[in-house]
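Only the coordinates and a few stated rules stand behind these numbers; no lab work does. Model, not experiment: these values are computed from the prediction. Reconstructed Cβ throughout: ideal geometry from the backbone, glycine too, with neighbour counts over all protein chains shown.
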Ligand SMILES: Nc1ncnc2c1ncn2[C@@H]1O[C@H](COP(=O)(O)OP(=O)(O)O)[C@@H](O)[C@H]1O
Ligand SMILES: [Mg+2]
């Protein structure tokens, strides 16, 4: 019982610390965004060029395109993908 | 016309498993399609494993996910989107922007719980342009006898998002069915408990 209480406390504390760190990070990135806005461009990585595996799956009999024939069109994004390891292809998973 | 996205910030949380099984369940009631927005393509691969003509078409996501998804209506009643394992991925942002409901599976494990903290902000940001977005945390791979499974609700209470009352248990049939390109609903008695918990979950979180 005492062990379970300790685990509970550790787990809840770790969640609170993670939340606090995430909100600090958010504030920092908002501040640095304000400083750099206007002279930098967010680079968008096209997900379709990220994985050769997905391409080969896409060619399989199961893969189809949208019935609406949605044409992929490159476009600017508000997403700060530049900092994202997933988008920049560094992430390896399943982890 | 509900659009349901399976999102998360961790690989292995159960997004694809819940996407294919919930989409199959919905396809039994209404016209449903599944969009695989994860470059890893697991949902497409699952579909490729079966020769059966199923009532659930699976599409690869287009670069313009939003217009692709909206293009499925009125032909379909439900669109389910299987997202990549990162809230920072472009596909996740687009899915959150277009969806009515974000389902967020989380495993009762510290690393998964910590990673899930970041979803709160991603949902809040998406609501700026998509105020109708509902987001629900779902406990997946619950093992009721372990300490962490018993404590997971308390840990998730630290995240400002509602938690589904129905958890999804860790069950071998979620894995064996995938290998056959099937859902737990197609596994007869072996899949009955899993099918029952998913039916209950769907009733709880998806308007039918
Ligand atoms: N409730 C469950 N019980 C047993 N195995 C599960 C369950 N949910 C997911 N899995 C297995 O865990 C692994 C990761 O699940 P997956 O759905 O691919 O996660 P994600 O799409 O979030 O990366 C897969 O091998 C899957 O079969
Ligand atoms: Mg997946």
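What length, rounded to one decimal in nm, is gained on full extension from residue B:150 through to residue B:176, with 0.36 nm per residue of separation minus their alpha-carbon distance?
6.8 nm
Listing A:2, B:206, B:119, B:81 from the residue with the fewest other Cβ atoms within 10 Å to the one with the most, what is the order?
A:2, B:206, B:119, B:81
Remind me, what semi-axes does the stretch B:103-208 give for its equivalent ellipsoid, largest first in whole Å, using sqrt of 5 times each Cα gyration tensor eigenvalue? Write out the running numbers ahead of the final one.
Values: eigenvalues 134, 65, 28 Å².
Here the semi-axes work out to 26, 18, 12 Å.
Can you tell me the alpha carbon radius of gyration of the stretch B:161-208 divided by the globular rule-of-thumb value 2.2 N^0.38 Å?
Cα Rg divided by the expected 2.2 N^0.38 Å: 1.21.
Just need the relative contact order of the stretch B:3-201 here, percent rounded to a whole number, with Cα pairs under 8 Å and 6+ apart.
Averaging sequence separation for qualifying contacts and normalising by length gives 25 percent for the stretch B:3-201.
With r as the distance between the Cβ atoms of residue B:190 and residue B:124 and R0 = 45 Å, compute the FRET efficiency 1/(1 + (r/R0)^6) and round to 0.05.
Once the sixth-power term is evaluated, E becomes 0.65.
From the P(r) of the stretch B:39-128, could you give the percentage of C-alpha pairs in the tail past 16 Å?
Working: 2460 of 4005 pairs.
Counting pairs separated by more than 16 Å, the tail of P(r) holds 61 percent.
With the crude spin-label approximation of a point 7 Å out along Cα→Cβ, what separation in nm comes out for residue B:161 versus residue B:204?
Inter-label distance under the simple model: 1.5 nm.
Report, in cubic angstrom per residue, the convex hull volume of the C-alpha atoms of the stretch B:3-201.
Given the Cα convex hull of the stretch B:3-201, per-residue volume reads 110 Å³.
Based on the inverse mean of 1/r over its pairs of different Cα atoms, what is the Kirkwood hydrodynamic radius of the stretch B:84-156, in Å?
Details: mean 1/r = 0.0770 Å⁻¹.
With all distinct Cα pairs of the stretch B:84-156 included, I get 13.0 Å.
Counting other beta carbons within 10 Å of each residue's own, what order do B:38, A:28, B:199, B:100 fall into, fewest first?
Numbers: B:38 28, A:28 10, B:199 14, B:100 17.
Fewest-to-most ranking of B:38, A:28, B:199, B:100: A:28, B:199, B:100, B:38.
In peptide A:12-22, how many Cβ atoms from other protein chains are near each Cβ within 10 Å, on average?
Mean number of neighbouring Cβ atoms from other chains: 5.
Which of B:46, B:114 has the fewest other C-beta atoms within 10 Å, and how do the rest follow up to the most?
B:114, B:46
State the Cα centre-to-centre distance between the stretch B:164-199 and the stretch B:93-157 in whole Å.
Centre-to-centre (Cα) distance: 21 Å.
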